[in-house]
Amino acid sequence: MAAAGMLAAGFRERNERELADMRTVAEVAQRVLLRPMPRKVGPVQAAVRYVFAAAHARIGGDLYEVVPTPHGARVIVVDVQGKGLDVVETAAVVLGAFREAAYDEPGFDGVAGRIETALTRHLTSSGVQPRRQDPGHRQSRPRRAVRF
């Protein structure tokens with residue numbers, strides 16, 4: 001009986017260490033993806049509060065970014081559908097494309113097009129066939145642009 005208790009305690013401690021390690025890795029990855037929000041972007045004060053959907057989750061497909069650029073403040077808020085590391089990788093692709101395009105592209109259509117191109121390339125190289133939209137419709141096109 002005592003041996004079974006010691007064995008169970010050993011498994012529990014090992015599992016707790018592994019879970020703590022996974023949380024640490026997830027928190028580092030989350031910090032890399034979601035940079036700290038600047039307190040002020042142009043004339044607008046900004047703040048963010050990120051709440052995890054599940055208490056044990058520390059990383060996911062929800063992402064945001066605010067980038068002050070010569071073209072004005074650029075903001076993106078996205079929820080990548082799915083679970084696991086594939087979602088994190090897709091979120092990183094979207095954020096990377098946005099961060100580059102936000103500075104380079106003078107219009108929102110250009111930013112959206114660059115994100116869509118990067119996302120299509122990523123999904124195709126991952127073996128996923130991206131859904132095609134009507135030629136005149138882009139799902140990622142902003143409905144309304146607000147200049148700061």
Quick check on the range 107-146: of everything there that is touching a helix residue (DSSP H, G or I) at 6+ places or on another chain (Cβ under 7 Å) and either among the hydroxyl-bearing types (Ser, Thr, Tyr) or not in a loop (DSSP other than H, G, I, E, B) (or both), which residue is modelled with the lowest pLDDT? Ser140
Expected output for the range 3-30 (first residue in a helix (DSSP H, G or I), partner open to solvent by less than 90 Å² (accessible area, probe 1.4 Å) and modelled with pLDDT of 75 or more, Cβ below 9 Å, 6+ apart or cross-chain) is Ala26/Val88; Ala29/Val88; Ala29/Ala92; Gln30/Val88
Select from the range 100-133 the residues that are under 13 Å from Val78 (Cβ atoms) and either touching a strand residue (DSSP E or B) at 6+ places or on another chain (Cβ under 9 Å) or open to solvent by 80 Å² or more (accessible area, probe 1.4 Å) (or both) and list them in ascending order. Val111, Ile115
Looking at Gly42, Gly10, Gly61, Gly72 in this structure, which one is touching a Ser or Thr at 6+ places or on another chain (Cβ under 9 Å) and either closer than 30 Å to Ala102 by Cα or at pLDDT 70 or above (or both)? Gly61
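The values are calculated or read from the model by the stated rules, or taken from the named source; none is laboratory data. Note that this is a predicted model, so its numbers are computed, not measured. As a convention, Cβ positions derive from the backbone with ideal geometry for all residues, glycine included, and neighbour counts pool all protein chains shown. Areas reflect the complete protein model, heavy atoms only, side chains present, ligands, DNA and RNA absent. Shrake-Rupley method; radii C 1.70, N 1.55, O 1.52, S 1.80 Å.
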